[in-house]
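Undergrad: Could you have a look at this structure, given as structure tokens, before my questions?
Please treat every number below as a calculation from the coordinates, not as lab data. Since we're looking at a predicted model, the values are computed, not measured. Note that each Cβ is placed from the backbone with ideal geometry, even for glycine, and that neighbours are counted across all protein chains shown.
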Amino acid sequence: MKILLRFFLFSLFVLPALFPTGLHAQQTRTITGRVTQSEDSEPMPGVSVSIKGTTSGTLTDAGGNYSLPNVPERAVLLFSFIGRQTQEVATGNRAAINVQLEPNVTELTQVVVTGYTTTQRRDITGSVATISSEKFKDIPVVGMDQALQGQVAGVQVTQSSGTPGGGITVRVRGATSINASNRPLFIVDGIQVEDGALALRGFGGQNDNAFSAINPNDIESIEVLKDAAAKALYGARAANGVVIVTTKRGKAGTRTRIEGDVQRGFIEMVRKPQMLNATELLELQREAITNGGGDPERQGLIPGVTNGVNTDWVDAVTRRALYQQYQLSARGGNERTQFYTSINYRDEEGVQLNNRFIRFSGTLNLDHKASDKLSFGSNLMISRLRNDRVKGDNFLDGVYSGAIKSLPFFSPYDEQGRLYGPNSGGYAGFPNFNPVAQALLPRFQTFATKIIGGLSAEYAFTRRLRFRTKASVDFNGVTEDQFEPSSTAIGGFLPSVGGRGYGVYSNGTYITLVNTNILTYSYAIGENETHAFDFLLGNELLQRTERTASVSGRLFPRDDFTYISGSGALVDEGGSFFIQNGLVSFFSEVKYKFKDKYLFGATTRYDGSSRFGSGRRFGFFPSLSAGWRISAEPFMEKYTFFDDLRLKASYGFTGNERIGDFQFLTQFGGAQYNGNSGLAPTVLGNSALQWERTREINVGIEASLWSGRLSGTLDVYTNLTTSLLNTFPLPTTTGFGGFQGNIGSVSNRGIEFAVNSVNIDRLFKWRTSLNLSRNVNRVESLSDTLPLFRGYTATGITTTNVIQVGQPLGTFWGLNFLGVDPATGDAIYEDLDGNGTITEDDAKVIGNAQPKLLGGITNTFSWRNFDLSLFFQFSYGNKILNFSNTSLLNAGQDIQTNQTREALRRWRRPGDITDVPRYQFNPDRAEEDNPNNLHSSRFLEDGSFVRLKNISLGYNLPKEWLTRFRVQSVRILASATNLLTLTRYTGPDPEVSTLDGSTAAQGIDFFTFPQVRTMMVGLTVGF
Amino acid sequence: MRFDLKYGFLTVVALLAVSGCREVLEPQPNNVLTADIVLTTPEDVPAVRVGLYGAVRGTAPLTVVAGDLTADMATHNGTFTVYNELGNKRITSSNGAASAFWGSLYQVIYISNFIQERLPRLTSVPQAQRNELLAEASLMEGYAYFLAAYTYGDVPFVTTTDVDANRNLPRVPRAQVLDSALRYMQRAIPNLPDSASAITAFASKDVANAMLARFYLYNRNWQEAENHANRLINAGRFRLESSFERVITREFDSETIFEMGFGNTSNDDPGTSTFGLNNIFIGRREVIPSNEFLLLILSQESGERRLTVDFDFSRQRGSDNGFSVNKYSGPDQGFNNITLFRLPEMYLIRAEARARQGNLTGAAADVNVLRRRARAPELSVGNQADMLTAIERERVYELAFEGHRWYDLVRTGRAGAVMSAFSSNWREAYERWPVPQTEIQRNPALRGQQNPGY
């Protein structure tokens, strides 16, 4: 009867709850009251007040007041609010009932954003991790990707270098692709945002980072979707995981909360590379030349003269840098309109001279309820970046790279205090350049403007049937303004490039537009909602355009002219470019819950991408999942300490479409000859080009015990990516080197464990959260059995990295170094083919960059107004290729580079037992003729580390001190990052990757600027 | 009423979604053409011609890399593995130049085949115009096979643009490849423009004759080599520049027969790539002139041709002798073109052919034409062996770093003697470049077909 009635009411589009049912002939009355927060007695608007066992109910108003008519006798009232413990109150014969709601200690009822919808954590059947802003608010992270570091099981975050605003690699459950992108999909407030580098010009492997334009202080929470059940709704782009970022929104309340935040501190190098001083290097070089049969004096290496100058070049190009950040935010509103707004300024100097990152950003998020049915929302984030970059890594004219290599025998400045230029006699010539000049003289400025904006509307046809539409934009405008004067390497040394100054000016705009339309319908039948359904139907249109233009000029008349127009400089090169791609998608989701005990979910997404030919444009990505709340079974009743115990499993498919555009077409592109333009074949098309497809299986268990004192999840997964977007190699007799095909497969299997516990909960509180994960990556098949060589070319072998069936991505290749012969001091390598000579045929897999185990542990202590947080992060079992040492510990390969202090351990006389071979220098010897410096496992090191990523100590001023100043809260903070690192890696820092973002050649240290330590104090004042 | 509004709203959204689909999903490529519409309109003819010559130009720096850096002309001074292997005579099958040269030759062959397949069907273009481009394509294909045969020996022979056929092609005996190359060159002649009407950046009958002169020289057909060289020497359209300096610093000078052109101050310059000659000789100085070569080029006999190299005292240190190759400038100096054929080579071809046929006086006269121009002492007539040695040296003076030395040493059988003296690493195998390792990996018909010694 009741169902029929409800159906009737539903069909009238009227909220059934507001209607008296009229079926109860009992005596009723009206109950009024006020609901407040237990901790500060602030009124709580929007709290649902209902009569238990019925559908009658109401919501509290802005003042937290409610009035509920028609309450029968002996009724029980339910007060519920998201993030608060639901309270049941027996009415008795009271007419007024005031209630204080306690915050939820457990995470069970926490609302989790799962993409297009939200759900309670206790009902999740997939694998989703949430990072609230609490986790990173005390850490001076520059972007949201950095905020993820060490916080989530199954997510590996590596900062490629210690450059501010620099590249960060994020991998969710391993890498799935060889040629297409391995970056997760980042969605900020509903729009896929630009990832990777913004600047057009790479600076020796180190890129800038588009995410650094988004102020993490405006982020409310970050959700990482890890398995098919969670992310298949993102279909074609989801194979590498989905990261959903939700910004802060307004909260209704009587008062507007205003918060000011100041952070100031300094940044310095964690560990400097340990190089030889002038005397030590001179002795080494003289020894090397003598060993090679030469005369050190003739090379100009004279004790007392050559080492008369002793420059510490790393000191010369680095500094203690300043960090400052200011943020002002306000959030508030009434029950109809809420807002959040903020303004932020961050200024972070690089430790390298002239390196600086400045961000100015503002946010305005609004929500408005036009009527009971119609509501609007908007989000707007604007930021402006200025990034003063310096060249890095494997650039000969890099700053830090130049500094480590530079000989201490020279100085940066001459007697008059002028910087030595590239052609002056007082400084070592090619391949060395004065790194101080390389830092100070060029102008490498990148300016970026980023706007993320969105407008949404939601219409509730009924309480159950809702329609939501949202249009969003992600706008990125980038200008690069660069000039290298004639006193620099490019501007002065290489006549073919600069000659007399070299200037580049580029502009790029990258715009993504998205429109999402979603219809949701929820439905429950039966007593206590025995059968509960949630349906979702949606479509999405995405379009990304990219417009770039660049001009470069040479031969500037003087260094005072630094722009091309009006200077008379020669336009060297100019170009413009436009490309666009798009995605049209339809998706649906069904969730079914039986007796709140058995949970089922099914999603489908049907994606069409412009990157594939007409017949292959659409892909279908379904998923199925199920959950079983064991704790709700009768046999579990005696184990009352279980709040929730849930088994979950999922199966589904996701895709990857991130390759270049128009790869399915055979193309002719522009060609030139003798100043004429024409056409030449460029790309061999493949009309059968298709998505990469990842099949994912996840099984997990989630538990919450003792009212949330202990909670944890354990997930096991096995994923297989097939039809890899990969170049199908062709012999060039076809006219082409290959075409984009779908070849090969990669698997990722792993286990993840996360646990949160409240160890002590008295006046002294101690909480721990720990996450551990292990991922095993393996290349299952390739186009043929031949290995693919990647990474850097290396002496004596093909390249530093290999992609080979049976091995993980990121596998290192080289000779196997067995040690140093104590009799001769020569390196001994494994002679694999046993033919008596060491050639590239003796190379083999010598290790890989993937960790066996990684994780993080945070311990938070609080006592009265003090709180202390210690966040450790670790990686175990990964290898680092210390490729810098092929130059810095080079067994006498050349005498143009300084050597690390390990060179002091070198073999010197028969009988020496050491692992550093003899130094011998022959001026006219080829690299291959120096058997002691061939590329081998000598340069491969254990990259395991444990690091105190952050320690922060906070103090909240007692309330009673503040009230008379009309101040709500004052918090003082001291925080330090990278304070302590335990590692056996001999380079400056184990967290390093010179090829920023690379999967096949990750974990290489090639003059990469190491991680830095930030120490800062902060003050937060709330009004 | 409200129903209408709601559903109307939904309908509008749905319509927008559907109409937006096409625009979103099928963006027009705006900087590429799909292959099926290339050479279907007359406007494409000059454009594809530029593509053909662009591809030929792509092979040009590699002829220098092969011809000079494989031999005793230069030593390695930089950091690139490619040049390290070549300079130190430790050439491997994975050498980047070996695969780049191979790839660039087959690129020429692909475009030639593409033109020969498509163009005959494009009837809207006048017959004569079609025939001319077909002849140019044929000549360039012949030239590509000529280079391939003398660089790699037996090579796959490609006659179509069919990818499936061309990915599985065996090596064809060198003699057969050379026969075809000759046929392609000869076939081209009737329809090529007369020289007078064309600038030397494009093919003409003169270019074909110069190619044939070199072809017959390599093929030891002395009579034909002399005949073809004669045609160019006697044509009157080419004359020696008054000084060697002008040969170096001028583009399209009066003795050029075929020169690969770069536009100077535009995007169309040699750039700073691995095989950009200015980049490797002057910019990075990846390779520098060898001491052995310097002894020759700086000798009195060489005369003004010493201008081939440049010396800078400040660069002299360690193994760096401070010298650089000066024949290829950056764009701002304006002599970055790569000359493939010029008149002095014809004199040298004729001299060698004459010497081989016993006409030593005629040979000496030819050599002395170049000596006089270079302000160098004249050569006197000796015996045949001396004359041949003198011509070999003269080729070094005159044609240094224009891609000849290694081919000369190999074809005259002198490679073993000269190169072993130059480098203890020299092996007979280096008389051929290796078939690129990647080709062997990717082309099943090449498995186990590597040149001996690699």
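Undergrad: Against the longest alpha carbon principal axis of chain A, how many degrees, from 0 to 90 and to the nearest 10, is the axis of helix A:278-291 turned?
TA: That works out to roughly 50 degrees.
Undergrad: With a cut-off of 19 Å, note down the residues of the stretch A:373-409 whose backbone N falls inside the zone around a label point 7 Å from the Cα of residue A:475 toward its beta carbon.
TA: A:378-386
Undergrad: Moving on to the next point. How crowded by other chains is B:437-443, given as the mean number of beta carbons from other chains within 10 Å of each beta carbon?
TA: The per-residue average across the peptide is 6.
Undergrad: Step through the residues of the stretch A:45-55 one at a time and calculate ³J(HN,Hα) from phi using the Karplus curve (6.51 cos²θ - 1.76 cosθ + 1.60, θ = phi - 60°), rounding each to whole Hz and writing x for Gly and Pro.
TA: Ordered by residue, 3J(HN,Hα) equals x, x, 7, 7, 10, 9, 8, 4, x, 10, 9 Hz.
Undergrad: Another question, then. What does the convex hull of the Cα atoms of chain B come to per residue, in Å³, rounded to a whole number?
TA: 193 Å³
Undergrad: OK, next. What angle, in degrees between 0 and 90 and rounded to the nearest 10, separates the Cα long axis of helix A:2-11 from the longest principal axis of the Cα atoms of chain A?
TA: So the helix axis and the longest Cα principal axis differ by about 60 degrees.
Undergrad: What distance in nm separates the two pseudo spin-label positions at residue A:576 and residue B:317, each 7 Å out from Cα along the beta-carbon direction?
TA: Label at residue A:576, label at residue B:317, 4.6 nm between them.
Undergrad: Please sort by residue number the trypsin sites (Lys or Arg not before Pro) in the stretch A:711-814 whose DSSP state is loop and whose Cβ has at most 10 other Cβ atoms within 10 Å.
TA: Passing sites in the stretch A:711-814 are A:762.
Undergrad: Is the shape of the stretch A:121-180 best called rounded, prolate or oblate, per the rule: a/c under 1.5 gives rounded, else a/b larger than b/c gives prolate, else oblate, with a ≥ b ≥ c the square roots of the Cα gyration tensor eigenvalues?
TA: Taking the square roots of the gyration eigenvalues as a ≥ b ≥ c, the stretch A:121-180 is oblate.
Undergrad: Amide H of residue A:120: which non-local residues (sequence gap of 5 or more, or other chain) have their own amide H closer than 5 Å, using H built in the peptide plane?
TA: Excluding prolines and chain starts, which carry no amide H, the hits are A:112.
Undergrad: With a ≥ b ≥ c the root eigenvalues of the C-alpha gyration tensor of the stretch B:300-454, is it rounded (a/c under 1.5), prolate (a/b larger than b/c) or oblate?
TA: Here the stretch B:300-454 falls in the oblate category.
Undergrad: Right, next: Peptide B:126-134: average number of partner chain Cβ atoms within 10 Å per residue?
TA: Average neighbour count from other chains, rounded to a whole number: 0.
Undergrad: With n ≥ 4 as the cut-off for DSSP H runs, can you work out [θ] at 222 nm for the protein assembly as shown, using -39500 (n - 2.57) per run divided by the number of residues, rounded to the nearest 500?
TA: Details: 26 runs with 284 residues, N = 1477.
That calculation yields -6000 deg cm²/dmol at 222 nm.
Undergrad: A further question follows. What are the ³J(HN,Hα) values, in whole Hz, obtained from phi via the Karplus relation 6.51 cos²θ - 1.76 cosθ + 1.60 with θ = phi - 60°, for each residue of the stretch B:348-362 in sequence order, with x given for Gly and Pro?
TA: Residue by residue, the stretch B:348-362 yields 6, 5, 5, 4, 5, 5, 5, 4, 5, 8, x, 7, 6, 5, x Hz.
Undergrad: While we're looking at this one, here's another question. Quick one: Karplus J couplings for the stretch B:151-157, per residue in order, coefficients 6.51, -1.76, 1.60, θ = phi - 60°, nearest Hz, x for Gly and Pro?
TA: With the stated coefficients, the stretch B:151-157 comes to 8, 10, x, 5, 9, x, 10 Hz.
Undergrad: Here's a follow-up. Please work out the FRET efficiency for the pair residue A:965 and residue A:258, using the Cβ-Cβ distance as r and a Förster radius of 22 Å; give the result to the nearest 0.05.
TA: Calculated transfer efficiency: 0.95.
Undergrad: Taking a virtual spin label 7 Å from the Cα of residue A:1023 along the C-beta vector, which residues in the stretch A:313-350 bring their backbone nitrogen under 13 Å of it?
TA: A:328-331, by backbone N distance to the label point.
Undergrad: Right, something else. Can you tell me the FRET efficiency between residue A:410 and residue A:345 if r is taken as the Cβ-Cβ distance and R0 is 41 Å, rounded to the nearest 0.05?
TA: 0.55
Undergrad: Now for a separate question. For the protein assembly as shown, state what percent of all Cα-Cα pairs lands in each successive 20 Å bin, counting from 0 Å until the bin that includes the largest distance.
TA: Distribution as computed: 8, 32, 33, 18, 7, 2, 0 percent.
Undergrad: Residues of A:722-733, mean number of Cβ from any other protein chain within 10 Å of their own Cβ, rounded to a whole number?
TA: 6
Undergrad: While we're looking at this one, here's another question. Using the beta-carbon distance between residue A:90 and residue A:955 and R0 = 51 Å, what value does 1/(1 + (r/R0)^6) give for FRET efficiency, to the nearest 0.05?
TA: Efficiency for this residue pair is about 0.75.
Undergrad: For the pair residue A:641/residue A:902, report the inter-label distance in nm, with labels modelled 7 Å from Cα in the Cβ direction.
TA: Taking the two extended label points, one gets 4.9 nm.
Undergrad: Place a label point 7 angstrom from the Cα of residue A:545 along the Cα-to-Cβ direction, then list the residues of the stretch A:438-453 whose backbone nitrogen is under 18 Å away.
TA: A:449-453
Undergrad: Whole Å is fine, so just give me how far the alpha carbon centre of the stretch A:795-873 lies from that of the stretch A:30-78.
TA: Going from one Cα centre to the other spans 62 Å.
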